[in-house]
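What follows is calculated from the coordinates using simple rules that are stated; it is not laboratory data. As the structure is a computational prediction, the values presented were derived from the model and not from experiment. Note: ideal-geometry Cβ built from the backbone for every residue, glycine included; neighbour counts use all protein chains shown.
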Amino acid sequence: MKTLVTSVCLFLSTLFSCQQREGDFKTVPVDEFTTLIADPEVQRVDVRTIAEYSEGHIPGSINVNVLDKEFESVVDSVLQKDKPVAVYCRSGKRSQKAAAILSKKGYKVYDLKKGFTGWQEAGKEIEK
């Protein structure tokens, strides 16, 4: 009986863990993201394409396209693991992928909820 209960618990925990997002990062709203990036120690990373980045981005951010096959090696060469990383994309989907990758590599990561679109809607500063 004890083995059956253990098996059921393992099955249920596996089932529910598959429904959660990957990685250990925090998705934050625009106001909290603004406060975070006010700290010069926080590294800002725009994970959109170069074309999207050139149309406008959050000031002080660097561009590393998460869809590029070299994403992991590029971020390892430009980011410092001992400093937090704030990531964003257009709407929040690609940045969650980037946040999962970065957090698994040992970075402390914050993801901008609603992405650059949310940033613009909030009337925040944009750099071109």
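Just order 104-111, 78-85 by mean Cβ neighbour count inside 10 Å, highest at the front, would you?
Top to bottom by mean Cβ count within 10 Å: 104-111, 78-85.
If I stretch the segment between D24 and D76 completely, what's the gain in nm (0.36 nm per residue apart, minus their alpha carbon distance), one decimal?
Taking 0.36 nm per residue and subtracting the Cα distance, the gain is 16.9 nm.
Report the GluC sites (Glu not before Pro) located in segment 18-118 that are in a DSSP loop and have at most 10 other Cβ atoms inside 10 Å of their Cβ, or state none. Please report the intermediate quantities before stating the final value.
Numbers: sites: E22, E32, E41, E52, E55, E70, E72; in loops: E22, E41, E70.
Counting only loop positions with at most 10 other Cβ atoms within 10 Å, the GluC sites (Glu not before Pro) in segment 18-118 are E41, E70.
Give me the net charge of S61's neighbourhood, meaning all other residues with Cβ under 9 Å from the Cβ of S61; Lys, Arg count +1, Asp, Glu -1.
-1
I need the calculated FRET efficiency for the pair K69 and S91, taking r as the beta carbon distance and R₀ as 30 Å, to the nearest 0.05.
Step by step, r from the Cβ atoms, then E = 0.85.
State the answer as a single residue: which of A51, P40, S95 lies farthest towards the positive end of the charge dipole of segment 22-121, with beta carbon charges of +1 for Lys and Arg and -1 for Asp and Glu, about the Cα centre.
Going by the charge dipole, the pick is S95.
Which of the residue pairs K81/K128; K69/K108; K108/K128; K81/K124 have a Cα-Cα distance greater than 24 Å in the structure shown?
K81/K128; K108/K128; K81/K124
Determine ³J(HN,Hα), in whole Hz, for all residues of segment 65-79 in sequence, where each value follows from phi through the Karplus function 6.51 cos²θ - 1.76 cosθ + 1.60 and θ = phi - 60°; x replaces Gly and Pro.
Using θ = phi - 60°, the values come out as 5, 5, 7, 6, 4, 9, 3, 4, 6, 5, 4, 5, 7, 10, 9 Hz.
Using Cα pairs closer than 8 Å and at least 6 residues apart in sequence, work out the relative contact order for segment 22-121, in percent. If you can, show how the numbers build up before the last one.
On the way: 178 pairs, mean separation 37.4, N = 100.
Relative contact order of segment 22-121: 37 percent.
5 Å is the cut-off here: which amide hydrogens, built 1.01 Å from N in the peptide plane, fall below it relative to A86, excluding neighbours closer than 5 in sequence?
Hits under the 5 Å cutoff: Q43, R44, V45, Y110.
Treating cross-link reach as a plain straight distance, find the aspartates and glutamates whose alpha-carbon is under 14 Å from the alpha-carbon of K26, omitting any fewer than eight places away in the same chain.
Reachable aspartates and glutamates: D111.
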